[in-house]
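Every read-out reported here was derived from the displayed coordinates using simple, explicitly stated rules and does not represent laboratory data. Predicted model only: the values in this text are computed from it and were never measured. Reconstructed Cβ throughout: ideal geometry from the backbone, glycine too, with neighbour counts over all protein chains shown.
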Amino acid sequence: MGESGAMMSCMGCGYDLRSLPKGRCPECGRAFDPADAKTYRGELRNVNPRAVWIIIIFGLAWPIALILLSYAAWWCGYAELGRWPVESLDDPKGMGQPTRSIVHVALLLMYFSPCALLATLIFAIEPAVIIWERRSFFAAARVVLIAIAGWISLVGFFLLAQSHIVGWMLD
């Protein structure tokens, strides 16, 4: 038998095989040899908490911050002009300091968005693979979907709903 403290799970279904008298999984019937580590799954890797925080920051917080800053700049433009800014008429660079500052920060986030998206995808791979090793396809898919959910909303915001705000900021 394998060590009682070491992890031994079935390669087919993930059933805990420690302290079983036979070399067959009672759940799915798959054969295993406690002396041969290739016939069962050993210790599973844990998800790196740093990767999870990077996914949250770059995958969710970055796009949300960019959307909120875009709206804040739009509202500051409204407060200064007394009307909504017009894309080709009102240059945000000619407005007051608060509006210009918010526009500059939003544009900075916008310019570095491809790098943040790439970091999100790179850091989402490891947790998804670790969860996939545990034979949980849907949990692995959820990690990837959470990682890109913010970016999907950002694309929807900029391309579909609020392209006039972006056009005004880039003017």
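For the chain, a simple Cβ point-charge model (Lys and Arg +1, Asp and Glu -1, everything else neutral) yields a dipole of about 580 debye relative to the Cα centre. Within the chain, the whole DSSP H helices whose Cα atoms reach 24 Å or more along their own axis and whose mean Kyte-Doolittle score is at least -0.5 are 62-81, 113-133, 137-155.
Charged side chains reduced to their Cβ positions (Lys and Arg at +1, Asp and Glu at -1) give region 30-101 a dipole of some 280 debye around its Cα centre.
This ranking places S88, S70, S153 by how few other beta-carbon atoms lie within 10 Å of each, fewest first, which gives S88, S153, S70. Listed from fewest to most Cβ neighbours within 10 Å, the set F58, F112, F157 follows the order F112, F157, F58. As a proxy for reagent exposure, ranking Y40, Y111, Y15 by other Cβ atoms within 10 Å from fewest up yields Y111, Y15, Y40.
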